[in-house]
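Scroll down for the structure; my scribbles are underneath it.
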Amino acid sequence: MYLFYWKKTDIVAMNKEEMPKQISIVNKLFKIVFGIYFSITLILTISQMFSEYVDAEKDIMKELQVIQKAFDQGLASAIWEEDYEYAEKLAKGILYIPIIKGIEVTEVDNKKIKVGEHFNGKKSNLAFFHKSDLNYSDKTTKKQKVGEIKIYSTGQVVLDRIKYGFFLLIG
């Protein structure tokens, strides 16, 4: 293999073995600097992606809390009145919210209502949930615990929310 370089005003052709040491030192230095730069960039990108995932998961957990509060009284009232058919209809209605993948309502007597893909054999390893007590109260009844609710979401929901940002970050 022949390499060409300028020497004052002449072009000199030489074998790779005859190449000056300076060129190989420059190549080694370039490889080291580029390797360090690439490693740092990779570490920063991965840490930013992880941070985005954790933030999105926190946002979804807050949304699960809000959803639970919105349906809390209706579910508690249905359980108090032992109208399990209505409680199940409410739970199935909650499933129309895209971030929710499963709902489990447990009465104080351990009667359970489970709806959603989370309970249809499609359990995810990345499932997480918000758990809260269901308390019933009205004009004549003090606040009483009638059961608890777990609202499930999955890591896939989080990834769907942040994938566009990942594409921008990587691309």
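The values are calculated or read from the model by the stated rules, or taken from the named source; none is laboratory data. From a predicted model like this one, the values you see are computed outputs, not experimental measurements. Virtual Cβ from ideal backbone geometry, glycine too; neighbours counted across all protein chains shown. Side chains included, ligands, DNA and RNA excluded: accessible areas come from the protein's heavy atoms. Shrake-Rupley method; radii C 1.70, N 1.55, O 1.52, S 1.80 Å.
Laid out as a table, the results:
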| item | result |
| --- | --- |
| Number of positions in region 56-71 that are among the β-branched types (Val, Ile, Thr) and within 18 Å of the chain's Cα centre (by Cα) | 1 |
| Contacts under 9 angstrom Cβ, first residue in region 82-107 being open to solvent by 10 Å² or more (accessible area, probe 1.4 Å), partner aromatic (Phe, Trp, Tyr), 6 or more apart | 90/71; 93/71; 101/152; 104/119; 104/129; 104/152; 107/84 |
| Flag for residue 79 being within 20 Å of residue 154 (Cα to Cα) and surrounded by 19 or more Cβ atoms within 10 Å (Cβ to Cβ) | no |
| Test: residue in region 130-141 that is modelled with pLDDT of 90 or more, open to solvent by 80 Å² or more (accessible area, probe 1.4 Å) and in contact with an Asp or Glu (Cβ under 7 Å, 6 or more places away or on another chain) | yes |
| Selected residue (only one of 68, 48, 73 is open to solvent by 30 Å² or more (accessible area, probe 1.4 Å), more than 30 Å from residue 169 (Cα to Cα) and modelled with pLDDT of 90 or more) | 73 |
| Residue count for region 34-55, restricted to those that are over 23 Å from the mean Cα position of the chain (by Cα) and either under 16 Å from residue 163 (Cα atoms) or of a type in the set (A, V, I, L, M, F, W, C) (or both) | 4 |
